[in-house]
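Student: Could you have a look at this structure, given as structure tokens, before my questions?
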Amino acid sequence: MRHIILTVVILAGLSASAPAETITTTVNGMVCAFCATGIEKTFRKQPEVNTVHVDLPKKRVTITTKPGKTLSDAKIKEVVTYSGYTMGKIVREK
Amino acid sequence: MKTIYRLFFCLVLTLAVALPAQAKPLSYVGGTMVMQENDETGYTLSVDYTFDPHFALGLYAKYEINQREFYMAGPELNTLIKRWNLPDGQGNIFSMTGAGIARQGSNIQPAAWAALLADYETRRWFFSYEPRLVYAGDIESSFWQRAYAGFAPYLANYDDLNTWLLIRADHHPAKNDHFVVTPVLRLFYKTIWLEVGYSSNQHVMVNWTVQF
């Protein structure tokens, strides 16, 4: 029993200390700040997301996930599409 | 002076129609937009909820004061027909259709309206064109068209106050002023949008939109 509890505690600790991920995606069509609020709000609603930064001149959105969490390419594409845009290239950093 | 306005209107219209286009009666899925317009034609209020990337459902109401006074209100469906997401620009074609009632004094008639809205914008340039049909029995039966053309004097980032200088041209064949031109200052910051202008027939225009 003690071993099980210890294993759970260690796994939980490892999960919490897992690094956050920084994901940057280019977004085609994102030229208007008023309209880009939709992309920021939709990403912020995702439980895995910690911060969202919109860079209009570079047409990029940078998302930082919560520690130990990630967002799949499919999910990013869904959010970008639901916000009315077309997704470009994705770059991931740990 | 009127000839200059007409020539400018033709130029604006030509520019707007010559380009692929977009406009925003839709926001993002789950987003709600409240739009209110006050201009020489009257006072308009619409509230739209975007429930799909291509559709928004809302309520539209207008108190018309241009030549004749009447109220018109009803549900409206806004549809994104086509969008072009380009690396440095975006173009759209939308339709707005609605049906409800119109009231002029004690006269109440069924009403329907349909519009197309096309626009194209980059971070520097904006063009739009909107033709609209309104039918409300013997209260109102008209066609009008509107075009915008303008530019951003500086390229603002997402967190900045965005400023645009535009010319709006309205053509109302069935109304007193067939051609009305309005220089417009457009400001927006995050989810708040404001437009102010002063028309060639000496009316103040104030439009605002809030998105949440």
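Student: Rounded to the nearest 0.05, what FRET efficiency do A:Lys45 and B:Leu59 have when you use their Cβ-Cβ distance and R0 = 22 Å? Don't jump to the answer; show the numbers that get you there.
Tutor: Numbers: r = 25 Å, r/R0 = 1.13.
Step by step, r from the Cβ atoms, then E = 0.30.
Student: Beyond a 24 Å Cα-Cα separation, which of these cross-linked pairs lie in this structure: A:Lys41/A:Lys75; A:Lys41/A:Lys69; B:Lys24/B:Lys175; A:Lys69/B:Lys24; A:Lys66/A:Lys89; A:Lys45/A:Lys75?
Tutor: B:Lys24/B:Lys175; A:Lys69/B:Lys24
Student: Moving to a separate point now. At 0.36 nm per residue, and after removing the present C-alpha to C-alpha distance, how many nm does the segment from B:Ile108 to B:Ser95 gain when stretched out fully?
Tutor: Difference between extended and current length: 2.1 nm.
Student: Alpha carbon centre of region A:53-82 versus region B:25-69: separation in Å?
Tutor: Taking the Cα centre of region B:25-69 as reference, the centre of region A:53-82 is 30 Å away.
Student: Can you give the local net charge around B:Arg168? Use residues other than it whose beta-carbon is closer than 12 angstrom to its beta-carbon, Lys and Arg +1, Asp and Glu -1.
Tutor: Within the 12 Å Cβ shell, the charges total -4.
Student: May I pose another question? For A:Asn50, list long-range residues whose amide hydrogen, built 1.01 Å from N in the peptide plane, is under 5 Å from its own amide hydrogen.
Tutor: Sorted by chain and number, the residues that satisfy this are A:Thr64, A:Thr65, A:Lys66.
Student: Label-point separation (nm) for B:Asn201 and B:Leu133, each offset 7 Å from Cα along Cα-to-Cβ?
Tutor: About 2.3 nm, to one decimal.
Student: How are the Cα pair distances of the protein assembly as shown distributed, in percent, across 10 Å bins from 0?
Tutor: Taking all Cα pairs of the protein assembly as shown, the binned fractions are 6, 24, 30, 19, 10, 5, 3, 1, 0, 0 percent.
Student: If you don't mind, there's one more thing I want to ask. For the interface of B with A, what's the total buried accessible surface in square angstrom, probe 1.4 angstrom, rounded to the nearest hundred?
Tutor: The B and A chains share an interface burying roughly 2300 Å².
Student: To the nearest whole percent, what portion of all C-alpha pairs in region A:26-94 is separated by more than 21 angstrom?
Tutor: Counting pairs separated by more than 21 Å, the tail of P(r) holds 14 percent.
Student: Carbon and sulfur atoms: what percent of the 1.4 Å accessible area of chain B do they account for?
Tutor: It is 66 percent, rounded to a whole number.
Student: Apply the Karplus parameterisation 6.51 cos²θ - 1.76 cosθ + 1.60, with θ equal to phi minus 60°, to every residue of region A:88-94 and state each ³J(HN,Hα) to the nearest whole Hz, in sequence, with x for glycine and proline.
Tutor: x, 7, 10, 10, 10, 9, 9
Student: From the C-alpha gyration tensor of region B:131-186, pull out the three semi-axes of the equivalent ellipsoid (sqrt of 5λ each), sorted largest to smallest, in whole Å.
Tutor: 33, 13, 7
Student: Which ³J(HN,Hα) values in Hz, rounded to whole numbers, follow from the phi angles of region B:138-153 under the Karplus curve 6.51 cos²θ - 1.76 cosθ + 1.60, where θ = phi - 60° and Gly and Pro get x?
Tutor: So the Karplus estimates, Gly and Pro as x, are 8, 7, 7, 8, 8, 10, 9, 9, 9, 9, 10, 8, x, 8, 8, x Hz.
Student: Taking amide H positions as placed in the peptide plane 1.01 Å from N, state which residues far from B:Ile65 in sequence (5 or more) or on other chains have amide H under 5 Å from it.
Tutor: HN-HN under 5 Å from B:Ile65: B:Gly42, B:Tyr43.
Student: Under 9 Å from the Cβ of A:Asn50, count the other residues' Cβ atoms, weight Lys and Arg +1, Asp and Glu -1, and hand me the total.
Tutor: With Lys, Arg at +1 and Asp, Glu at -1, the neighbours total +1.
Student: Moving to a separate point now. Ratio to report: Rg/Rh of region B:52-121, with Cα atoms as the point set and Rh obtained by the Kirkwood method; give two decimals.
Tutor: Over the Cα atoms of region B:52-121, Rg/Rh equals 1.13.
Student: Still on this model: Assuming 0.36 nm per residue, please report the length gained on full extension of the stretch A:His53 to A:Lys77 beyond their Cα-Cα distance.
Tutor: 7.0 nm
Student: Between B:Lys82 and residues 5 or more places away or on another chain, which pairs have amide H atoms under 5 Å apart, with H built 1.01 Å from N, and which residues are they?
Tutor: Sorted by chain and number, the residues that satisfy this are B:Ile93.
The values are calculated or read from the model by the stated rules, or taken from the named source; none is laboratory data. Since the model is a prediction, treat every value here as computed from it, not as a measurement. Ideal geometry is used to build each Cβ from the backbone, glycine not excepted, and the neighbour counts take in all protein chains shown. The accessibility values were calculated without ligands, DNA or RNA, using every heavy atom of the protein model including side chains. Shrake-Rupley method; radii C 1.70, N 1.55, O 1.52, S 1.80 Å.
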